[in-house]
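Okay, so here's the structure we're looking at.
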């Protein structure tokens, strides 16, 4: 049995002050359903990826909430895994379809964050960290700064190489009308931006964003000549805290999840044409490139600086702008990665279209690597 993507859509990501979560989800779902050729009565289950709706919106029961809101009285549940909530919701939806229980499944990711003070959101996001890290007053910029320092010491990675990640992703986002930020930046601007947690600066960090994304998956093969199948869905975990890990320069959850996904799909890293990876901080993309097998250890930063993952190259990474520039509404991110990859493989991505892409990979991370979700998508005919 195969699982196919029938429709996929996102809202704009950004500071969407006057748009409610229900409107964001409604817009994304309507667009995804229209593209799928299905209607609400065809959907048999709903999985909602979200992290902070209880703390920020006083609503934990999102499965039933959105089922009612969308007029779909079907099995529905919220899936939470910090910033990997969207990817985990996708994984749950794929498994539900593969089980034979449901033919058509709706997966939604949503987060509304900008209505609240940044320090409040930062504190709540640390709910994904360890107790020891919270007691020490750490935030995720601080934790990823430790990771960056370890990578710099072990491999000689430079602040300029990290800045190059931001430059590339902001350029890609300038081609994406749905992105939070659509203006290019320079390495000099990144390096001169305010320090958040040394060596990470403001323009090394993804923003607090609002947004929603939705996909319709099905075990029924689309009638169109070209279609996209999800050929692998894999999850792995690691310790919550950094202090329990033997090596801060890798996320072993991502290594294990991607290795399993490659085996399931019957491919290797060299077969991937387009990847959406979890660049919550610029160092995270560099490490992802190495964890996923795209570059040898210690080489990814130099390769990104040299433009090897920019549009026009064999492997294009974060053509959406990634979390860094497209935005990071945490529950929506993992689903948005699927939407972007689906559009690229079908050739409907507009100004940011990559020519000839046939295999795509998404990499969604929760916390500082405690959870990693990998999906591999392939164009079929």
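The values are calculated or read from the model by the stated rules, or taken from the named source; none is laboratory data. From a predicted model like this one, the values you see are computed outputs, not experimental measurements. Neighbour counts are summed over all protein chains in view; Cβ atoms, including those assigned to glycine, are modelled from backbone coordinates with ideal geometry.
Computed quantities for the displayed model
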item	result
Total residues in segment 197-226, condition closer than 13 Å to residue 332 by Cβ and buried (at least 23 other Cβ atoms within 10 Å of the Cβ)	8
Considering residues of segment 221-246 that are modelled with pLDDT of 95 or more and part of a loop (DSSP other than H, G, I, E, B) only, the residue farthest from residue 267 (Cα to Cα)	241
Within segment 132-161, tally of residues that are over 25 Å from the mean Cα position of the chain (by Cα), in contact (Cβ under 8 Å) with a residue 24 or more places away in the chain and over 19 Å from residue 295 (Cβ atoms)	1
Candidate set from segment 1-34 (those that are without any contact (Cβ under 8 Å) to a residue 60 or more places away in the chain and farther than 14 Å from residue 108 by Cβ); member that is surrounded by the fewest Cβ atoms within 10 Å (Cβ to Cβ)	18
Number of positions in segment 295-329 that are over 19 Å from residue 177 (Cα atoms) and surrounded by fewer than 24 Cβ atoms within 10 Å (Cβ to Cβ)	15
Out of 38, 24, sole residue that is more than 26 Å from residue 173 (Cα to Cα) and modelled with pLDDT of 95 or more	38
Count - residues of segment 124-150 that are surrounded by 14 or more Cβ atoms within 10 Å (Cβ to Cβ) and under 25 Å from residue 65 (Cβ atoms)	3
From 349, 325, residue being without any contact (Cβ under 8 Å) to a residue 60 or more places away in the chain and within 18 Å of residue 174 (Cα to Cα)	349
Count - residues of segment 126-139 that are assigned to a helix (DSSP H, G or I) and either more than 21 Å from residue 333 (Cα to Cα) or touching a strand residue (DSSP E or B) at 6+ places or on another chain (Cβ under 8 Å) (or both)	6
Among (1) out of contact with any strand residue (DSSP E or B) (no Cβ under 6 Å at 6 or more places or on another chain); (2) over 23 Å from residue 39 (Cβ atoms) - the single one residue 73 does not satisfy	(2)
Among (1) touching a residue at least 24 places away in the same chain (Cβ under 8 Å); (2) surrounded by 17 or more Cβ atoms within 10 Å (Cβ to Cβ); (3) assigned to a loop (DSSP other than H, G, I, E, B) - the single one residue 177 does not satisfy	(2)
Residue in segment 347-359 that is over 13 Å from the mean Cα position of the chain (by Cα) and buried (at least 23 other Cβ atoms within 10 Å of the Cβ) present	no
Residue match in segment 112-120 (condition: under 27 Å from residue 261 (Cβ atoms) and either touching a strand residue (DSSP E or B) at 6+ places or on another chain (Cβ under 6 Å) or surrounded by fewer than 22 Cβ atoms within 10 Å (Cβ to Cβ) (or both))	no
When residues of segment 314-336 are limited to those that are outside any loop (DSSP other than H, G, I, E, B) and out of contact with any strand residue (DSSP E or B) (no Cβ under 6 Å at 6 or more places or on another chain), the one farthest from residue 282 (Cα to Cα)	333
Answer from 185, 216 - the residue that is farther than 22 Å from residue 321 by Cβ, outside any helix (DSSP H, G or I) and under 24 Å from the mean Cα position of the chain (by Cα)	216
Some residue of segment 275-296 being within 23 Å of residue 7 (Cβ to Cβ) and in contact with a strand residue (DSSP E or B) (Cβ under 9 Å, 6 or more places away or on another chain)	yes
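Listed here are the residues, each with its yes/no results for (1) touching a helix residue (DSSP H, G or I) at 6+ places or on another chain (Cβ under 7 Å); (2) assigned to a helix (DSSP H, G or I); (3) surrounded by fewer than 19 Cβ atoms within 10 Å (Cβ to Cβ).
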| position | (1), (2), (3) |
| --- | --- |
| 152 | no, yes, yes |
| 157 | yes, no, no |
| 161 | yes, yes, no |
| 168 | yes, yes, no |
| 190 | yes, yes, no |
